[in-house]
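A quick write-up on the structure given underneath.
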There are 2 protein chains.
Amino acid sequence: MFPPLCQGSKGNSMGSLPRVSLLLLVLNVFLLTGPSVQAGKIMVFPVDGSHWVNMNLLIQNLHARGHEVTVVRTATSWYVKESAPHYRSITVTLPQAIVIEKEDFFVNFLIKMLEIKREGSVTGFVKFYWEMLNALSDIHKQASLLGVEIFENKTLMQNIRDTQFDMVLIDPGLPVGVLVAHELKLPTVYNVRWITSGEGHFVVAPSPSSYVPTSAHPVTDKMTFIQKVKNMLFYFLNTCIDKFIVCPHYDRLVDKYFGPDVKFYHLLQGADIWLMRVDFVFEFPRPTMPNIAYIGGFQCKPSKPLSKELEVFVQSSGEHGVILMSLGTLVKGLPTDITSEIAAVFAQLPQKVIWRHLGERPSNLGNNTLLVKWMPQNDLLGHPKIKAFVAHGGTNGVYESIYHGVPIIGIPLLFDQFENILRLEARGAARVVDAAKLTRQNFLEAVQDVLNNPSYRNNMKRLSAIHRDKPMPPLDTAVYWIEFVMRHKGAAHLRTESYKMPWYSYYSVDVIAFMLAILLMLTAAAVGFIRFICLQLCMKRKSKQE
Amino acid sequence: MFPPLCQGSKGNSMGSLPRVSLLLLVLNVFLLTGPSVQAGKIMVFPVDGSHWVNMNLLIQNLHARGHEVTVVRTATSWYVKESAPHYRSITVTLPQAIVIEKEDFFVNFLIKMLEIKREGSVTGFVKFYWEMLNALSDIHKQASLLGVEIFENKTLMQNIRDTQFDMVLIDPGLPVGVLVAHELKLPTVYNVRWITSGEGHFVVAPSPSSYVPTSAHPVTDKMTFIQKVKNMLFYFLNTCIDKFIVCPHYDRLVDKYFGPDVKFYHLLQGADIWLMRVDFVFEFPRPTMPNIAYIGGFQCKPSKPLSKELEVFVQSSGEHGVILMSLGTLVKGLPTDITSEIAAVFAQLPQKVIWRHLGERPSNLGNNTLLVKWMPQNDLLGHPKIKAFVAHGGTNGVYESIYHGVPIIGIPLLFDQFENILRLEARGAARVVDAAKLTRQNFLEAVQDVLNNPSYRNNMKRLSAIHRDKPMPPLDTAVYWIEFVMRHKGAAHLRTESYKMPWYSYYSVDVIAFMLAILLMLTAAAVGFIRFICLQLCMKRKSKQE
């Protein structure tokens, strides 16, 4: 059933071949709700870290529907295991591990950023930003080598060809899969929010900077004039980062393997379906495209009962209820002086607190606070006793909060977390506290505001009701479009190829220039004619007078 | 159950109050598939003619789901009956009937247009175009008076208020309902393809003229440079028609009833949900918005068995099969010399022909051709013996053809029909014959090409398969979003209000001007500084030399 994909010469190894459970297959016959679909062969290019959590869920569902999934991973992968019951893997050994595959990378990054923010030194910030750009370039350089390893390994390529995949599922944060799909002439589906260096929409849909906040610019869709100016500058900056820092690494591969007629950016823009991890209870309304399907919150599910011990702790909170705190994968990154302030605030509250915490235990921890290394976050968020969630604003936590209607006190730390929390704040469902400026006073004030002002909870409940009210649940939507692409060998009818035009043509600069030129010529001709007539008349009058 | 809406002083009459069938209500309990919804009260502003066919179908479904539907109609309405089992009506008597409520309007229009096209005289065309613009202005002037009649009739308005409608469903081709919804502060849903003077998307979504064909400009999404120039000119023309011919009639009403702070165009743009009668197997891919739901082809349904006589006729065609011909509501408009050419071609074919024809019987009609005054078009199109459809390209017929996979020989006559057929032609599923230039030769050639070249049928079958493959059938999608708007009292989270910005702000002209000014000032300052330094140096050198 699974044709053998042999190992490459550079130590590529093949993951275990899972046995498709007969029971699952039989169940699927009953569960199949969409149009019938042949079991397909799907090649997956994931991104490591928290992105994988989402991709893995999608793969589990595809496997449960009877599809064969093959995940391309690096030998040094942090989250993506070599073997799993629901997929097999192609393991590629890179000359050097991709830095984001190391957990410490993000933690160190966070510690450094907080330091610089607290110092408030401009040169420090510029230096840090420069280092960040270098890191970004390194990440994509290392990731692009995955493409080289695959293309140069003739045995592996032949085995991939022989497998006759039906499509490629890609997280285009690291877009090597796009090149492999082009080589194999296979349709592609993206599981995407971030792509190369910005938010996915910016690559595929019109994004008027007058009301669409640019990636990394934390503003709402109603901007002041100065915010609009900054928004456009951020847009230029992101475009430059994409053009000069990220894409050149992939351009080199495209030049080498596909020749000068193929442009990497066009390949990137040309996915059949964009499964966008966005929902409009969260994102501000903005232009979109027919081949974008929204699957924001597809990982959310009803909560399960808690363990006996946890249930006892939660119930002991009485009428006051419980506050959750978790900073996701960055859980280790908060300096002790900040955690100490947080602990002091928690100690003053009548609520109980469950805090996912690693590292040194704050000395001033109250009796009401339970420190845990891991918690069943979704099950807790769905528990009626939970009153608020202190979170860093990673997408998964944000969507789980929306799904269960729990208001957030946000301590955004890195990347999109600032924008994420801002979106909930704009809807009156969250309060933000700046980690670099967090004090006992402002944190307490924020927590008490969210606990005591019912508007936060009501707004989040309203968002939750809207979020859950969809023609099709987002996870089913994702599976539907993946199978659609396999059924019809792509989705060309939904995908414009207008991006292949040069920019001046796309924005009609050429047409406007042509029309202005015509207008100018006509005006000049008219003026010339009138001058000529006037001159003639003057000459006549003169000759008469003479 | 239905509160009485009394008649107005100017002879407004109230339609019969239908009894909601108990059986239907019980059935609905079982059929209700979406989230539970309270039976709602829906006010409907339809457009007469073929538009009503679609709206009526939607209303039937809303009624079957237990909602109370009230249709606002004029006393002179052509299609919208005063009483029906599935709705009640508010009938408003206008000082003058809206001209499109008369069937003859379109037929006369067609006859005149064909005459001018055949003459090929430019002055004739300009004169005709001018008359058309006048007619357009008249239509909207007459339609806007519907608003005056409603607003001025205090008893009617009070009764409407007392009914406590939950939402307003509008065909914004004639957009008076938008004003009534604003007055009642009710959420709105559009059932739309054409709005005021153009295609709906142009009012609500970015529409780059470099690849989005403008309304009334029959080109594909891949244009030559000259086509792009024309496309932009058409865009300007449509904007001018909207601004100077259509909207002023409604602006007057808005000024009178809502004051200077409210803009009619903003009300028009502000619908909660746009149920767009478009599908991307038909329309070229283009930018869209989160509050647009696509319901193109929602009227299509599986075919039912034919009557015995018709089945016998169809079966008598043997292996050659049957050709259908119908020009929809314009069936009477084709001059006899053209129908005679068509009849001659049909007479030569081995196929049988079923031709929906009113008026004089062509003298040269073949034995293989059956003339009918009406035909069960959908049931015929779904019959396996039907080989091709000779159609004018009205939307309903086009979508029925797509649904059943029957290729088209298009004889577009008016309005959007040229664009509609062109879209199918671009996908290799139709041939076009210009009615004004139709001859025995070119019509025969087109029919034989579609019959004998299997690519037309294969392409249409492919479109059909894609069209039918949707997460939710389009009619259910329409009902879903109407109920969504009632459940959540609108869909503000999907609707941008960016259109309220002035155009220069929306297109960031202000921001770009500001940035250019800053750049200019900085350059000037730098140049000034350099000149100053140079001058100083020169002076020093000079004084040294002296």
Quick one: if you stick a label point 7 Å off each Cα along the C-beta vector at B:Asp138 and A:Ala344, how many nm between them?
8.2 nm
Two-decimal ratio, the stretch A:56-210, of alpha-carbon radius of gyration to 2.2 N^0.38 Å:
1.23
Given charges at Cβ of Lys, Arg, Asp, Glu: the protein assembly as shown dipole, positive-most of A:Val509, A:Phe284, B:Leu520
B:Leu520
How crowded by other chains is A:279-291, given as the mean number of beta carbons from other chains within 10 Å of each beta carbon?
5
As a test of the formula, what do you get for the protein assembly as shown when each DSSP H run with n ≥ 4 contributes -39,500 (n - 2.57) and the sum is divided by the residue count, at 222 nm and rounded to the nearest 500 deg cm²/dmol?
-15000 deg cm²/dmol
Loop-located trypsin sites (Lys or Arg not before Pro) in the stretch A:469-546, at most 15 other Cβ atoms within 10 Å (DSSP):
A:Lys489
Projecting the Cα atoms of B:Leu475, B:Met486, B:Ala465 onto the charge dipole of the stretch B:461-501, where Lys and Arg contribute +1 and Asp and Glu -1 at Cβ, the residue farthest towards the positive end is B:Ala465
At q = 0.11 Å⁻¹, the log10 of I(q)/I(0) for the stretch B:273-385 from a Debye sum over equal Cα scatterers comes to -0.50
Tell me the distances, shortest first, between A:Pro248 and the same position across the other copies, using label points 7 Å along Cα→Cβ, in nm to one decimal.
5.8
Value of Rg to Rh for the stretch A:214-264 (Rh from inverse mean 1/r over Cα pairs, i.e. Kirkwood)
1.23
Mind putting a number on the dipole of the stretch A:44-157 about its Cα centre? Charges go on the C-beta only, +1 for Lys and Arg and -1 for Asp and Glu, and I need it in Debye to the nearest 20.
180 debye
How big is the stretch B:92-145 on each of its three principal axes, counting only the C-alpha atoms and giving the largest first in Å?
42, 19, 10
Taking +1 at the Cβ of each Lys and Arg and -1 at the Cβ of each Asp and Glu, which of A:Tyr250, A:Val219, A:Pro172 sits farthest along the dipole of the stretch A:139-259 towards its positive end, judged by Cα position relative to the Cα centre?
A:Val219
Taking loop as defined by DSSP and a crowding limit of 10 other beta carbons within 10 Å, which GluC sites (Glu not before Pro) in the stretch A:272-367 fit?
A:Glu360
Net charge dipole size for the stretch A:47-104 [Lys, Arg +1 and Asp, Glu -1 on Cβ; Debye, nearest 20]
220 debye
Count neighbours as other Cβ atoms within 10 Å of each site's Cβ, and list the trypsin sites (Lys or Arg not before Pro) in the stretch B:329-400 that are DSSP loop with at most 16 such neighbours.
B:Lys332, B:Lys373
Other copies of A:Glu360: label-to-label distances in nm, shortest first, labels 7 Å along the beta-carbon direction:
10.2
Using the crude model of +1 on Lys and Arg Cβ and -1 on Asp and Glu Cβ, and no other charge, please compute the dipole size for the protein assembly as shown relative to its Cα centre, in debye to 20.
1060 debye
With the crude spin-label approximation of a point 7 Å out along Cα→Cβ, what separation in nm comes out for A:Lys542 versus B:Gln227?
5.4 nm
Output the 0 to 90 degree angle, nearest 10, between the alpha-carbon long axis of helix A:454-468 and the longest principal axis computed from the alpha carbons of chain A.
70 degrees
Considering amide H positions built from the backbone, and no H for Pro or chain starts, which residues 5 or more places from B:Val44, or on another chain, come under 5 Å of its amide H?
B:Thr70, B:Val71, B:Val72, B:Leu169
Spin-label model distance (nm) - B:Ala216 vs B:Ala525, 7 Å beyond Cα toward Cβ:
5.0 nm
Can you check what the Kirkwood hydrodynamic radius comes to for the stretch A:308-468, Cα pairs only, in Å to one decimal?
15.4 Å
Please report, for B:Lys437, the nm distances (one decimal) from its label point, 7 Å out from Cα along the beta-carbon direction, to the equivalent points in the remaining copies, shortest first.
7.0
Chain A - Rg and Dmax from Cα coordinates, angstrom
27.9, 118
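All of the numbers you see were taken from the coordinates with simple rules; none came from a lab. All values derive from a computational prediction rather than experimental measurement. Because the Cβ atoms are built from the backbone with ideal geometry, glycine has one as well, and the counts that use them run over all protein chains shown.
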